[in-house]
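The values are calculated or read from the model by the stated rules, or taken from the named source; none is laboratory data. Only a predicted model underlies this, so the values are computations on that prediction, with no experimental measurement involved. So basically every Cβ, Gly included, is an ideal-geometry build from the backbone, and we count neighbours across all protein chains shown.
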Amino acid sequence: MSLMKSLLGAAASLALSAGASFAEPALIFDLGGKFDKSFNEAAFGGATRWAEETGGSFREVELQSEAQREQALRRFAEAGLNPIVMAGFSFGSSLETVAPDFPDTKFVIIDMVVDQPNVRSVVFNEHEGSYLVGMMAAKASETGTVGFIGGMDIPLIRKFACGYVQGVKAVNPDAEVIQNMTGTTPAAWNDPVKGGELTKAQISQGADVVYAAAGGTGVGVLQTAADEGILSIGVDSNQNYLHPGQVLTSMMKRVDNAVYEAFSAGVDVETGFNVMGLANDGVSVAIDEFNEPLITDEMTAAVEEATAKIVAGEITVHDYMSDDSCPVM
Amino acid sequence: MDRMPKWADVLLIPLINLLIAFALSGLVILAIGKDPVVALQTMVQGSFGSTNGIGYTLYYTTNFIFTGLAVAIAFHARLFNIGGEGQAALGGLGVALVCLSIQWPHWLIALPAAMVGGAVFGAAWAFIPAYLQAKRGSHIVITTIMFNFIAAALMGYLLVEVIKAPGSMASETSPFPPGASLPTFHEMLAPLGIEFNRNTPANVSFLVALACLVFFWALVWRTRLGYEIRAFGQSESAAIYAGINPVKITVIAMLISGAFAGLMAINNVMGEAERLILNSVEGAGFIGIAVALMGRSHPVGILLAALLFGFLYQGGAELSLWENIPRELVIVIQALVILLTGALDGMVRGPVEKLFAKRKPA
């Protein structure tokens, strides 16, 4: 009997706490986990920044299995959490079915377009940011050979690669770009050992700057590059601090800004298609005290000029995902 | 050697193991500064407190019944099939190929076809280790575990290069046609006037799983083949002396085992996702080992053990949703139960046996 009572009590308190916390925002991480030093961590950083500045609180969950995607979305929506932000394209099909059932809840999905009236789809112009770091790589390279290491071989990562190659060729048309993908399964996002092996292979082929667009795998790329005395380029979060003086720069994809903006707007978050590019600080090149000695004035000038031209539309960086092909590869 | 009554063996020992596991889990939760009582309440409430929770619990349970049966039938022939994970993955491929092959007019026609597809692919994946064990003496534990990796790599290749839906970023096939959509509990119970949450993945596969439990019991204890399998498992040399062909029994037992594992795909692939995704099995093949061990390879025990692990999965999800308990610790709790009920069974068995021996001096 007492067990029954306490169970009922727990149910009641659960219902109460769920009712009281309405309009609390929520963030759902992808299977890669919260602390991947890259994509998910950037999202977490944005949410934390919002919480610190406003004193608000938010709910978060790391998923264990695919079946939990829809479950987490529904349970959070039922509990009245709003808006619900999810980090990663894998939520696309789940959100497609859940969003119509909760017309009053706003959903924000990053890296994917879901065409529903209550969904804000945030996509990034990664090709533009990759173009800029490609230019810097070509200028920093002494051998004329640079490398690219992707995570899982999906169109999104080819978009990074295509922008990067275009940037390299814009500076040095004769430069060679060696490209490798870590794998074809989600495990490729978190395989630093293989990332390191690929880096060594690229170094042996003459690469002296390596760009890692590979989530957690990139940690191994940056480590190996630092050990072998060549330069590397980080991705998503600012990774310059990982190896001061040995990371040329980081192509920052401001997932944190996307989450921060969504949380700040709260239930009034604007829905629809939202592109974050160079023009609105969606992507940028990281320059701080850790990589300043590596950056020449000429590099800065070239990057600034290219940025202005891309924003003005004078340079168009080809987007791989627009036609599933890359003119320079 | 008959030191314990049967009820103690099948009920008391698993129960004591479970209590120890929960006590240890409680300590783990205390150690991270949460209230274990609240955590337990969240788990129970989340998995049995609403039709939503029950739907998810039974969905996981269905998976574990199939993989538990797969491991159990092999156990009866004293074969340790660790390859349920890979066999279930290949079963998913079989189900997906069947479902995508034509526009199915009705699920009643699609389901039997998909069951055949899943069972055949699962059995085929188990056949190679079975043949190697029977003919070459390659140890089944080693070969089946290696076949899990081969299956994962094969599925990765197929889903990325061959059967991936065009234009999709994720590695998955196109959605199955509507005619291959299995009725959920909501659709099955609504005509009876019972309101069941419409969004849970539990579906008609659960009834198929229950039917498989009955089939398993009849097969093992009421047929000649079942007798041969058990005789072979009890003593290989005696079975051979009695005229039982060891090659035949090894291969047949493993084929049935692989077929059960492959059948799981009607639940997770056809019933839930309605398309084939990468890594669709998600460890259910390994949970099946714990389920079969805990259920003493008996259908009733398997049902109860599968229900327990369904509860742990769904309750664990609720823990990370509402209690902010990190998912790694949820896995620790699940692992403690597996460790205690599966691996450390003897730790409790010894003392309990002594206790009974003292009470009833023979």
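Out of the range B:282-302, which residues are more than 14 Å from every other protein chain (Cβ to nearest Cβ) and over 10 Å from the mean Cα position of the chain (by Cα)?
First pass over the range B:282-302, keeping only residues more than 14 Å from every other protein chain (Cβ to nearest Cβ): B:288-302.
Hits for the range B:282-302 are B:293, B:294, B:295, B:296, B:297, B:298, B:299, B:300, B:301.
Does the range B:2-33 hold any residues that are in contact with an Asp or Glu (Cβ under 8 Å, 6 or more places away or on another chain) and either farther than 22 Å from residue B:309 by Cβ or within 14 Å of chain A (Cβ to nearest Cβ) (or both), and which are they? Step through it out loud before you land on a result.
Filtering the range B:2-33 for residues in contact with an Asp or Glu (Cβ under 8 Å, 6 or more places away or on another chain) gives B:3-4, B:13, B:17, B:29.
Matches in the range B:2-33: B:3, B:4.
Check the range A:249-261 and report whether any residue there is within 14 Å of another protein chain (Cβ to nearest Cβ) and assigned to a helix (DSSP H, G or I).
Within the range A:249-261, the subset within 14 Å of another protein chain (Cβ to nearest Cβ) is none.
The answer is no, given that none of the residues of the range A:249-261 is within 14 Å of another protein chain (Cβ to nearest Cβ) and assigned to a helix (DSSP H, G or I).
Restricting attention to the range B:187-209, the residues that are out of contact with any helix residue (DSSP H, G or I) (no Cβ under 8 Å at 6 or more places or on another chain) and surrounded by 14 or more Cβ atoms within 10 Å (Cβ to Cβ) total 4.
Only residues that are touching a helix residue (DSSP H, G or I) at 6+ places or on another chain (Cβ under 8 Å) and outside any strand (DSSP E or B): list them for the range B:161-174, please.
Of everything in the range B:161-174, those that are touching a helix residue (DSSP H, G or I) at 6+ places or on another chain (Cβ under 8 Å) and outside any strand (DSSP E or B) turn out to be B:163, B:169, B:170, B:171, B:173, B:174.
Residue-level check: of (1) of a type in the set (A, V, I, L, M); (2) within 14 Å of another protein chain (Cβ to nearest Cβ); (3) out of contact with any Pro (no Cβ under 8 Å at 6 or more places or on another chain), residue B:306 misses just (2). When each of B:319, B:312 is tested for being in contact with a helix residue (DSSP H, G or I) (Cβ under 8 Å, 6 or more places away or on another chain), within 14 Å of chain A (Cβ to nearest Cβ), at pLDDT 90 or above and outside any loop (DSSP other than H, G, I, E, B), the lone residue that passes is B:312.
The residue that is nearest to the chain's Cα centre (by Cα), counting only those in the range A:70-86 that are touching a residue at least 40 places away in the same chain (Cβ under 8 Å), within 14 Å of chain B (Cβ to nearest Cβ) and buried (at least 19 other Cβ atoms within 10 Å of the Cβ), is A:86. Among residues of the range B:322-346 being within 12 Å of chain A (Cβ to nearest Cβ) and in a loop (DSSP other than H, G, I, E, B), the one that is farthest from residue B:41 (Cα to Cα) is B:326. Residues in the range B:176-225 that are within 20 Å of residue B:107 (Cα to Cα), assigned to a loop (DSSP other than H, G, I, E, B) and among the hydroxyl-bearing types (Ser, Thr, Tyr): B:181, B:200.
Within the set B:53, B:117, B:122, B:91, the sole residue that is of a type outside the set (A, V, I, L, M), more than 17 Å from the chain's Cα centre (by Cα) and either buried (at least 24 other Cβ atoms within 10 Å of the Cβ) or within 14 Å of residue B:263 (Cα to Cα) (or both) turns out to be B:117. Could you figure out which of (1) crowded, with 24+ Cβ neighbours inside 10 Å; (2) in contact with a Gly (Cβ under 7 Å, 6 or more places away or on another chain); (3) of a type in the set (A, V, I, L, M) isn't true of residue B:304? Only one criterion in (1) crowded, with 24+ Cβ neighbours inside 10 Å; (2) in contact with a Gly (Cβ under 7 Å, 6 or more places away or on another chain); (3) of a type in the set (A, V, I, L, M) is unmet by residue B:304, namely (1). For the range A:93-105, the tally of residues that are small (Gly, Ala, Ser) and under 22 Å from residue A:265 (Cβ atoms) stands at 1.
Looking at A:220, A:234, which one is without any contact (Cβ under 8 Å) to a residue 60 or more places away in the chain and under 17 Å from the mean Cα position of the chain (by Cα)? Spell out the reasoning first.
Details: A:220 fails: under 17 Å from the mean Cα position of the chain (by Cα).
Criteria check complete, one pass: A:234.
From the list A:91, A:148, exactly one residue is in contact with a helix residue (DSSP H, G or I) (Cβ under 8 Å, 6 or more places away or on another chain) and either among the aliphatic types (A, V, I, L, M) or in a strand (DSSP E or B) (or both). Which is it? Break it down into steps so the answer makes sense when it comes.
Numbers: A:91 fails: either among the aliphatic types (A, V, I, L, M) or in a strand (DSSP E or B) (or both).
Of the residues listed, the single one that is in contact with a helix residue (DSSP H, G or I) (Cβ under 8 Å, 6 or more places away or on another chain) and either among the aliphatic types (A, V, I, L, M) or in a strand (DSSP E or B) (or both) is A:148.
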